[in-house]
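All of the numbers you see were taken from the coordinates with simple rules; none came from a lab. In this text, all values refer to a predicted model and were calculated from it rather than measured experimentally. We place every Cβ from the backbone using ideal geometry, glycine too, and count neighbours over all the protein chains shown.
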Amino acid sequence: MQVSLHDRHPRTRIPSGNYINAQMWYSKNADTGGTGHTRITQYMREAESIFLSCDRSFSIRNVWAYPSGEDSYATLDTRLIAENIDVNDLSQDVFNVFDTIKRNFAEINVLVCFVEGRFFIKNGNPSNVVARAEPLGDDNYIVLISEKAEPLLLAHELGHVLNFSNQSGRADDPDPFPNDPDHNANRDNLMFPTPTGTNITPQQCNQFFNSKIIL
């Protein structure tokens, strides 16, 4: 969409069971899977299926809907390109995208941005970072997904968001990676620093579902 500031955009239905309010956004020239944006839909559904391994309901509610009720994904004239984004010093363009979408969809807690390019920069240097979750304050979070990121990385970054938003305050992983408590020490775990597996432990499940943004 080109975001227009009319009174109220149509909303998707409220899911039954546990859900988070989010909005998917894409940079105009990003790989989204063609005109149907099938890549975005695939990543959402795979992330949901991973969290369902906790034996609890979980939906990512993309809040904006077409009049038919189907999910509608947002875009703007602003382009976000991974190679221009420092994950340790986000550019004003990133914050502006969040602010614009938040003005139209006040109920969202998470904006997921599918950006152009493959690798973000880190501390001013090239890196192998392909996805990032960042807290913005007041239970608002942004997730950046590059064209190089695999589907499970959306679930990984949402895991960070759920831990950042724990009811008791920002939570470390129950079995932390050495010197990196946001991540898990086990290679097959979803929250391993460079995940290739999707395992979630019961302790992680309990912590994830104690998030303030799960409704």
*Looking at region 27-121, which trypsin sites (Lys or Arg not before Pro) are in a loop (DSSP not H, G, I, E or B) and have at most 16 other Cβ atoms within 10 Å?*
LYS28, ARG56, ARG79, ARG118
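Between the DSSP loop rule and a limit of at most 11 other Cβ atoms within 10 Å, which GluC sites (Glu not before Pro) in region 1-96 are left?
Passing both the DSSP loop test and the Cβ count: GLU70.
Which length gain, in nm to one decimal place, applies between GLU70 and ASN186 when the Cα-Cα distance is subtracted from 0.36 nm times their residue separation?
Working: separation 116, 0.36 × 116 = 41.76 nm, distance 3.77 nm.
Gain on extension, GLU70 to ASN186, equals 38.0 nm.
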*Which FRET efficiency, nearest 0.05, do ARG56 and ASN96 yield, Cβ-Cβ r, R0 35 Å?*
0.50
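Okay, helix-only estimate at 222 nm for the chain: each DSSP H run of n ≥ 4 adds -39500 (n - 2.57), divide by all residues, round to 500 deg cm²/dmol; what do you get? Working shown, then result.
Working: 4 runs with 47 residues, N = 215.
Dividing the helical sum by the residues of the chain leaves -6500 deg cm²/dmol.
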*Using alpha carbon centroids, what distance separates region 160-215 and region 70-120, in Å?*
23
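Using Cα pairs closer than 8 Å and at least 6 residues apart in sequence, work out the relative contact order for the chain, in percent. Write out the running numbers ahead of the final one.
Working: 428 pairs, mean separation 43.6, N = 215.
Value for the chain: 20 percent.
Suppose every K and R has +1 on its Cβ and every D and E has -1 on its Cβ; what is the size of the dipole of the chain about the Cα centre, in Debye to the nearest 20? Please report the intermediate quantities before stating the final value.
Numbers: 18 positive and 27 negative charges, 98 e Å.
In total the dipole reaches around 480 debye.
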*For region 19-166, rounded, prolate or oblate, judged on the Cα gyration tensor with a ≥ b ≥ c (square roots of eigenvalues), a/c < 1.5 rounded, else prolate if a/b > b/c?*
rounded
_Positive-end extreme of charge dipole, the chain - chosen from ASN88, THR100, ASN210 (charges on Cβ)_ = THR100
*asked:* Starting from 0.36 nm per residue, how many nanometres of slack lie between GLN167 and ASN125 once their C-alpha separation is accounted for?
replied: 11.6 nm
*Looking at the chain, which Cys residues are left with no other cysteine's beta carbon under 4.7 Å from theirs?*
CYS113
